[in-house]
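Below is one structure, written out as C-alpha cells; comments come after it.
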Amino acid sequence: MLLSALLAAPCRNLFFTGKGGVGKTSVACAAALHLAGAGRRVLLVSTDPASNLDEVLGVGLGPTPTAIPGISGLWAVNIDPVAAAAVWRERVVGPYRGLLPAAAIRSMEEQLSGACTVEIAGFDQFSTLLGDTETTEGFDNVLFDTAPTGHTLRLLELPSAWSGYIGAGQGSTSCLGPLAGLDAQRARYSAAAAALVDRTRTALVLVSRPEKAALREAARTAAELALLGISNRLLVINGIFHASIQPDSGNHEVKPDLTAAALERCGREALAALPPSLAGLPRADIPLLAEAPMGAAGLRALLAPPGAAAPGSAAPGSAAPDAALPDSVAPDAALPGPLSGLLDALEAAGHGVVMTMGKGGVGKTTVASAIAVGLARRGCSVHLSTTDPAAHVVEMIAGSLDGLTVSRIDPAVETGAYAAEVMARAGAGLDAAGRELLAEDLRSPCTEEIAVFRAFARTVSEGAGRFVILDTAPTGHTLLLLDASESYHREISRTTSDMPAYVRSLLPRLRDPAFTRTLLVTLPAATPVHEAAALSADLVRAGIRPWAWVINSSFAPLDVSDPVLVARRAREAPFIAEVCRQGVQVALIPWQLAPPVGVEALSALSA
C-alpha cells in the first residue's frame with residue numbers, strides 16, 4: 001500500500017514515532033504534504049529535541065505556526081523541549097522568589113533541572129495542541145513528528161502527580177520537584193490523554209525500516225503504548241530496497257552487485273520475520289531513495305509508486321537528474337581507518353571503561369560488541385554490558401569467548417531491588433498510609449531511571465581492574481544518566497550519605513580521560529551526524545570529552561554499481577568529512593554483506 005492510500009481517511013491527530021534514524025520526519029512531512037494537497041489545512045508539529053524539520057521543509061521554524069512557502073494549506077511548528085523546560089521552571093519557581101530563602105529556590109531549580117522536567121515541559125506545550133481544541137480549531141489535521149514517550153505518559157498517570165504531595169520526610173521528592181505546579185494543567189492534560197486513546201480522533205503511525213532491530217523496537221513501542229490505551233496503530237516501512245539489473249554496452253543483462261543483492265536480501269528476511277504485533281497492522285511501504293527527500297519535490301517521491309518519478313524529483317532507484325554527483329567517492333586512502341586502530345590504543349591502556357553513544361539505530365550495540373570481542377581476542381579481560389532496554393548484546397555475541405563476560409542491566413530487576421531497599425530504609429518508620437504513599441511514589445518511571453543509574457555506576461566501577469564496554473541507551477536516556485550523576489555528585493558533596501562508594505566516584509571516573517573513553521557512533525548521513533555532534537557538545541559541557549567517533553555502515557569503501565547505492569555512496573562524502581573535522585580519532589566500518597552476529601563476524605569488524 002502507498003503512503004497516500006494509508007492516509008485515505010485519516011484521523012484528525014496523527015503521531016509519527018519509531019527508532020532513531022528510520023525517517024520519521026521525512027514520512028511525517030510527506031504525509032502532511034499529501035493531506036495539504038488534498039485540500040486540508042494541516043499543522044505539522046515536531047516535538048523531537050533533535051528535529052531537522054526546518055532542514056526537510058527548507059524554512060526556519062519556531063514555537064508558533066509558520067506557513068510553508070510553496071505548499072498551500074501547510075503550517076509547521078518546532079517545539080523546543082529545552083526552551084520549554086526553562087519556561088516551565090520559571091513558572092513553577094517564579095512565584096516563590098522573594099518569599100523563600102535563596103537556598104530553597106536553588107533546591108527547587110535543581111529538582112526541576114533533570115531530563116524528566118524536559119519531557120514534561122515538552123508535553124505541556126504538546127498537550128495544548130492536542131487537548132485544547134480552540135488552539136487548533138483552524139486546522140483539519142494535526143500531525144506530530146514524535147509522540148510523547150511511554151515514560152512521560154506513565155508518569156502523568158500516577159495519582160501523586162496530581163496530589164501536590166512532597167516527601168517532607170516521608171520518601172523522595174519527585175524528579176519533577178514541587179508537583180503542585182502540575183495541578184493547574186490537570187484538565188488540559190486529561191483532555192490530551194483522552195484524545196490520545198480515542199481511536200476516532202488519533203492514530204499512531206509506527207515508522208520503521210526493513211531491519212530486524214528497527215522492527216523489534218517498533219513492536220516494543222507499540223506494545224508499551226497499547227498498555228496505555230493507544231490502540232489505533234498504522235505501520236510504515238521506509239527504505240525498502242530492490243536491486244537494479246543493469247544492461248551492459250552489448251545490451252545484455254548483468255547480475256546486481258554483491259552489496260545490492262545482500263541489501264535486498266536483508267530487507268526481505270527482516271520483513272518475512274515481521275513481529276506478530278506488527279504483522280496485522282495497516283501498512284505502507286516506501287522504497288529506498290537515491291537521495292534524502294528535501295523540500296516539496298523530494299518529499300513527493302515518498303508518495304509515488306515504486307519506480308515512478310514524482311514531478312520535479314528523482315525516481316526511486318535513480319539519481320537526481322540534475323545532481324552533480326562525483327564519479328566516485330574519495331579513494332580508500334582518504335577515508336578514516338578501520339576499527340582496529342582504536343583497539344590498538346585501547347589495548348595499550350590495559351583497563352577502563354568504553355561507552356558507545358549516539359542516535360538510536362546507528363549500530364551502538366554492534367560497535368560495542370565488536371570492541372569487546374576484539375579486546376578479548378587480544379587476551380584482555382572484558383565485561384560487555386548495556387543500559388539500553390532495547391539492546392540485545394547476548395544475541396549479538398551468540399556464543400562464548402575466553403576472557404569475555406556479557407550481561408544486561410535489567411530495568412525490572414534493578415527497579416525491584418531498589419524499591420525494596422527504599423521501602424526497608426525509608427518506609428520502616430511510616431504508618432500504613434505513609435507506606436502506601438511511598439510505594440505508589442516508587443511506581444513512577446523515575447524510580448526505574450534511578451535504579452538503572454545505580455547499576456550503571458556499579459558496572460563502571462569494574463573498569464578499575466578490567467575493560468568494561470558499555471552499550472549505552474539512546475541519547476535521551478544516556479543524558480538522563482549523566483544528569484543524574486551530576487545531581488548525585490552535588491548532593492554527596494554537601495551531605496554525608498550512605499550512598500555506595502561506586503556512586504560517589506562515578507562522575508570523576510566519567511570525566512577522567514584515562515579511565516573512560518567515549519565513542520560517538522554515527523551513520524554517514526545528516527541527522528545522525530548532527531545529533532552526535534550535539535551530543536558531543538553536551539558531553540563537553542558535562543566535562544566529558546569524546547575520545548573517538550565511529551562511522552558505521554558506510555558504502556564509501558565498497559565497490560557498488562547499483563544506481564541507488566552509487567548515489568548514496570557519493571552523498572556520504574560530506575558527512576564523513578564533517579566527522580573528520582571533529583578533531584578526534586575516527587574509525588569507519590563498511591556496510592556488511594551479512595548482519596555481524598556472532599564472535600567470528602564481530603571479530604572481522606575489528607580485524
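The values are calculated or read from the model by the stated rules, or taken from the named source; none is laboratory data. Since this is a predicted model, take the numbers as computed values, not measurements. Positions of Cβ are backbone-derived with ideal geometry, glycine not excepted, and every protein chain shown enters the neighbour counts. Each accessible area value is taken on the protein alone, full model and side chains, heavy atoms only, with ligands, DNA and RNA left out. Shrake-Rupley method; radii C 1.70, N 1.55, O 1.52, S 1.80 Å.
Within the range 82-89, is there a residue that is open to solvent by 40 Å² or more (accessible area, probe 1.4 Å) and within 24 Å of Cys29 (Cβ to Cβ)?
yes
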| remark: Sole miss for Val521 among (1) farther than 26 Å from Gly350 by Cα; (2) in contact with a Phe, Trp or Tyr (Cβ under 8 Å, 6 or more places away or on another chain); (3) modelled with pLDDT of 90 or more is condition (1)
| Mind checking whether some residue in the range 109-116 is part of a helix (DSSP H, G or I) and modelled with pLDDT of 75 or more? | yes
| field | Selection from the range 27-59 of residues that are among the small types (Gly, Ala, Ser), within 26 Å of Gly360 (Cβ to Cβ) and either open to solvent by less than 20 Å² (accessible area, probe 1.4 Å) or touching an Asp or Glu at 6+ places or on another chain (Cβ under 8 Å) (or both) | value | Ala28, Ala30, Ala31, Ala32, Ser46, Ala50, Ser51
| said: With within 19 Å of Ile469 (Cβ to Cβ) and in contact with a helix residue (DSSP H, G or I) (Cβ under 8 Å, 6 or more places away or on another chain) as the only criterion, which of Val560, Val550, Val503 stands out? | reply: Val550
| field | Subset of the range 501-536 (residues that are hydrophobic (A, V, I, L, M, F, W, C), open to solvent by less than 40 Å² (accessible area, probe 1.4 Å) and assigned to a helix (DSSP H, G or I)) | value | Val503, Leu506, Leu507, Leu510, Ala526, Val529, Ala532, Ala533, Leu535
| query | Considering the range 12-48 alone, what residues qualify as being over 21 Å from the mean Cα position of the chain (by Cα) and of a type in the set (Phe, Trp, Tyr)? | reply | none
| Can you pull out the helices (runs of 4 or more DSSP H) entirely within the range 1-91 that have at least 2 residues that are in contact (Cβ under 8 Å) with a residue 60 or more places away in the chain and within 20 Å of Glu531 (Cβ to Cβ)? | 24-37, 53-57
| note | Those residues of the range 300-335 that are modelled with pLDDT of 50 or more and open to solvent by less than 20 Å² (accessible area, probe 1.4 Å) come to a total of 3
| said: Could you go through the range 78-101 and let me know if any residue there is under 20 Å from Asn13 (Cα atoms), in contact with a strand residue (DSSP E or B) (Cβ under 9 Å, 6 or more places away or on another chain), modelled with pLDDT of 85 or more and of a type outside the set (S, T, N, Q). | reply: no
| query | Of all residues in the range 259-304, how many are assigned to a loop (DSSP other than H, G, I, E, B) and not small (Gly, Ala, Ser)? | reply | 11
| Does any residue in the range 218-238 that is without any contact (Cβ under 8 Å) to a residue 60 or more places away in the chain and surrounded by fewer than 16 Cβ atoms within 10 Å (Cβ to Cβ) come within less than 9 Å, Cβ to Cβ, of a residue that is assigned to a helix (DSSP H, G or I) and hydroxyl-bearing (Ser, Thr, Tyr) six or more places away or on a different chain, and which pairs are these? | Ala223/Ser277; Ala226/Ser277
| For Leu74, which of the numbered conditions (1) surrounded by 14 or more Cβ atoms within 10 Å (Cβ to Cβ); (2) modelled with pLDDT under 85 fails to hold? | (2)
| note | For the range 195-217, the count of residues that are open to solvent by 30 Å² or more (accessible area, probe 1.4 Å) and touching a strand residue (DSSP E or B) at 6+ places or on another chain (Cβ under 8 Å) equals 3
| Is it the case that Thr149 is open to solvent by 20 Å² or more (accessible area, probe 1.4 Å), β-branched (Val, Ile, Thr), at pLDDT below 80 and within 21 Å of the chain's Cα centre (by Cα)? | yes
